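This report concerns only the one structure given below.
The values are calculated or read from the model by the stated rules, or taken from the named source; none is laboratory data. A quick note: this is a predicted structure, and the numbers were derived from the prediction, not measured. Cβ coordinates were reconstructed from backbone atoms using ideal geometry, including for glycine residues, and neighbour counts include every protein chain displayed. When the accessible area is computed, the model is the full protein with side chains, heavy atoms only, and any ligands, DNA or RNA have been set aside. Shrake-Rupley method; radii C 1.70, N 1.55, O 1.52, S 1.80 Å.
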Amino acid sequence: KKRKYTHSLSLASSRYSRALKLGFFLSLVRTKCTIVLPESEINPTTMDSNTESKTYKLFSSSGEVEMDDKLGLQQQNSYQPKIDTSSTMYNTTKAENTQYSHSSSPCRGMNMDSNDIDITWQELHQLEDKRRKLLSKGEDPIWRILASWKGTSLSAMVKDPLIWATVAIYVGLRLQARLGGEQPDFAGMFADTNIDILGGFLSFLLVLFVNQTNGRFFEMYQRSKAAAGRVQDVAGFVSMESFPHASANRLVRYMNAAHVSGYVGMGGPYTKSNFFDQINSEHQLLNAREMERIDELNMNSGAAVFKELCTWCEKDVGKLRKANHIDSYEALFLHNKILDFRAAMDGIYDYRDQPTHYFYIHFLCLLSALYLPLFAVDNAYSAGWGANTSLSVELLNGLIVFVQCVFAVGLRLMGQFMVDPYGDDMEDLSVVTYVLGTIEHSKAILSSQTPADVDEAQERNLMKTPKINAVC
C-alpha cells in the first residue's frame, strides 16, 4: 500500500508539472504573431494569373483573423491589424525605402560622416573607377607615391584637429621663449620625467588596433569573393546539357539577385534605388511578379530579401529533385553551394554587426589627446629659453613633434578607415566590380558551348610526349 501511494503521488506530481510547463508555453505562444502561408506564396513565380483566392490566418493574442488575397500579398497593404511589432515574428507590412544615412545605419563604419548622403548610380561608377585605379598605385615608385594626394593618409590627417592643436602648442611656447617671456617654474619638471613610456604604451595599442582592423578588412574581402565564387559554382553546375535550361537560368538569376540585394541590406551607400533597381533594369534579374514579393520586404535594412531569394533557390532545387530532373547527389551539391553562399553573406553581416569596440577607440583618442600635447610641451621647453634658444634645435624639435603626431594620428585613422570596408571611401572594397563581374561571368558560363565533339585519335596525338634530343 505504501508503494502504491508513493507511485500515485509521484505520477500526479509529474502530470501537474507537465501541465504547468504546457500552460507556460501556450502563454508564450499567444504573445507571438505568426502568419501561415501556402507554399506557393513563398515563391511567386510558381503562381499563374488565374490563381484562386487564398485565405491567410493571422494568429495573435487577440484571436484569429482571416485575410483574403488574390495574388501574393498585394491586398495586405490595405489591411493594418493592430499588432505589437516588438513581438512580431514575421512582419508583412510594406516598408518604405529610406535613403542611406551614416548616422542611422546600425552597421556604419567609423570613417563615416554623420550627414545623410544620396549617391547616384553614376557617382557609384565614378567612385568604383577611382578605387580600381588606386589598387594599382601600390607598385608606383616612391616619388610618385609621396606626390599623390587622393586616397592617401595625408588627405585624412590634414583634417584631424589634434595634429594642428599639438603643433600650435609647440609654436606658441617657442614664440613665448623668443619674445622674452618668463619661463614657467614647472618647466624644469619635464626634464625629470620620462614621457617616452607613455608613448610606448600608445604605440603598442595603436599597432594592435590597426592589426585587428586589418584582419577584419581582409576577412570580409575573402567572404565577398567567396559569395561571388559560389554563384559561379552554381552557374557552372547547372550549365550541363542534362539540366533543364529554364530552371538553370532561373537559379542563376535568383543567385545574382540575392548577391546584389545582400549588399543593399547592409545599410551602406548601396540602396535599392541607386544599386539594385539599376542592375535589375539592365540585367533582368527579377521580373515584375517576383518584384511584387520582394517589394513587401525592406531591402535597405537587413538580410530579409537576400535570404528570401536563397530560399527560392532551395525550393527550386527541391522541385527539380522531386521531378527527377536531377539526382540526389546533384541536389545535395546545389544545396551545399547555396548554403555556402548564404553563410558567406551572413559572415559579412556578422562582422558589420559587431565592429571594433567603441570603448577601445575612445580610449585611443583620449590617450592621444593627452600624450601629444604633453610631448609638444616637453620638446618646446627642451629647445631652450630666452638667450639660450637656437633656431636649428627649434626646427628639429618641431619636426619631431610633427612626425610623432603623424605616427599617432595616422595609425588611428588607418584603423578607423578599415573598420567598415563597405562604405563610400576610396579605400573600401569594390562592391560594384564584384557584383557586375559575377553577373557577367555567370552569363558567360551558362552560354558556353563546346566547339566540337571529342576526337579520340586527335586527343591521343595531342597528348603524345615529344622527343627531346639530348645535347652533351
#### Entry: Among (1) under 30 Å from D118 (Cα atoms); (2) crowded, with 20+ Cβ neighbours inside 10 Å - the single one L173 does not satisfy
(1)
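One line per residue, one yes/no per condition, for (1) among the polar types (S, T, N, Q); (2) within 21 Å of L162 (Cβ to Cβ); (3) open to solvent by 10 Å² or more (accessible area, probe 1.4 Å):
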site	(1), (2), (3)
L332	no, no, yes
N336	yes, no, yes
G347	no, no, no
Y351	no, no, yes
L374	no, yes, yes
W385	no, no, yes
### Query
On the given criteria, is F341 free of Cβ contacts under 8 Å to residues at least 60 places away in the same chain, in a helix (DSSP H, G or I) and under 24 Å from G268 (Cα atoms)?
no
### Task
Answer yes if at least one residue in the stretch 393-414 is of a type in the set (D, E), touching a residue at least 60 places away in the same chain (Cβ under 8 Å), touching a Phe, Trp or Tyr at 6+ places or on another chain (Cβ under 7 Å) and over 30 Å from Q284 (Cα atoms), and no otherwise.
no
### Query
With S328, S301, S261 as the choices, which residue is in contact with a helix residue (DSSP H, G or I) (Cβ under 8 Å, 6 or more places away or on another chain), among the hydroxyl-bearing types (S, T, Y) and open to solvent by 20 Å² or more (accessible area, probe 1.4 Å)?
S328
### Query
Among all residue pairs at least 6 apart or on different chains, which show Cβ distances below 9 Å where the first residue, located in the stretch 165-180, is within 16 Å of N388 (Cβ to Cβ) and of a type in the set (D, E, K, R) and the second is at pLDDT below 85 and surrounded by fewer than 18 Cβ atoms within 10 Å (Cβ to Cβ)?
R174/T389; R178/G386; R178/T389
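Taking the options G415, G423, name whichever one is over 23 Å from L205 (Cα atoms) and either open to solvent by less than 20 Å² (accessible area, probe 1.4 Å) or in contact with a Lys or Arg (Cβ under 7 Å, 6 or more places away or on another chain) (or both).
Working: G415 fails: over 23 Å from L205 (Cα atoms).
Checking each option against the conditions leaves just G423.
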